[in-house]
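Computed from the coordinates by the stated procedures, all read-outs in this text should not be read as laboratory data. None of the values given here were measured: they were computed from a predicted structure. Cβ sites come from the backbone with ideal geometry, for glycine too, and all protein chains shown count toward neighbours.
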Amino acid sequence: MLLQPLWTVLVEHSSLLSSPLFPVLFSLCVYLSFCLPFLLLDLLAPRWALVRRYKLQPQSSVSWSSAWSCLALTLYNHAVFIFPLTLLHWFLRPVQLPAQAPPLLQLLAQVLVCLLLFDFQSFTWHLLHHRVPWLYRNFHKVHHTFTAPSALATEYSGAWETLSLGFFAASNSILLGVHPLTELSFFILNIWLSVEDHCGYDLPWATHRLVPFGLYGGARHHDLHHLKSSYNYAPYFTHWDRLFGTLYTHED
């Protein structure tokens with residue numbers, strides 16, 4: 001089994017994986033690690049035309065005060081809301097680590113299913129919070145503070161939005177009964193795609209350039225949502241926006 005050596009190493013650190021602190025620290029460390037390369041690009045963009053040419057909104061720049069505000073809200077949400085719920089989950093549903101790793105093809109298939117489910121849930125949640133003014137004003141408006149998003153703005157949202165999307169991600173893994181390694185893989189991929197969506201750059205190796213036939217929207221798709229908030233509600237794929245007539249591209 002291709003994944004068994006990796007899983008054996010992880011199981012050797014089972015006390016860490018089973019700790020109620022692990023999900024919070026894991027989420028923060030992965031998130032900030034994915035943000036760092038884009039923060040470096042934000043630092044270089046005003047001085048380097050080669051970087052600036054890939055910015056989706058070249059006239060915009062990231063102020064470090066806004067970056068700190070984003071980081072502070074992310075840390076606050078994790079400490080005040082996510083950690084207590086993680087602690088409760090740890091108490092009610094202790095982590096059980098199987099000895100065997102999942103087959104690679106099974107892991108990949110289940111990660112894709114989790115991603116498609118999350119994409120549908122997020123699209124529905126997002127559409128509802130834009131179409132119902134009360135929901136938008138009280139819950140989702142915070143995330144739209146920035147019309148030119150940046151990597152750290154990915155998690156710039158109120159407690160309700162943070163917990164809702166976190167619940168979708170966590171419940172899908174439980175619903176499908178996936179292996180813990182599959183769950184970790186999905187969380188890592190989901191965090192990366194979320195950060196890439198908000199990064200503000202259309203890079204040559206961006207995910208939407210790797211997925212054919214326009215099936216995946218990516219950073220350009222979500223950047224247009226922050227500019228024109230009546231379109232592009234799905235976080236990753238484009239099929240739900242096509243179906244509901246809410247897809248917008250530069251060619252429209």
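Remark on residue 237: its backbone amide H falls under 5 Å from those of 217, a criterion applied only to residues 5 or more positions apart or on other chains, H modelled at 1.01 Å from N.
Its Cα centre serving as origin, the stretch 4-244 has a Cβ charge dipole (Lys and Arg +1, Asp and Glu -1) of approximately 560 debye. In this structure, the amide hydrogen of residue 248, modeled 1.01 Å from its nitrogen in the peptide plane, lies closer than 5 angstrom to those of 232, counting only residues at least 5 positions away or on a different chain. Classify the stretch 65-156 as rounded, prolate or oblate from the Cα gyration tensor: take a ≥ b ≥ c as the square roots of its eigenvalues, call it rounded if a/c is under 1.5, otherwise prolate when a/b beats b/c and oblate if not. Because a/c hits 1.5 or more and a/b exceeds b/c, the stretch 65-156 counts as prolate.
Here the contact order of the chain, divided by its residue count and restricted to Cα pairs under 8 Å and six or more residues apart, works out to 23 percent.
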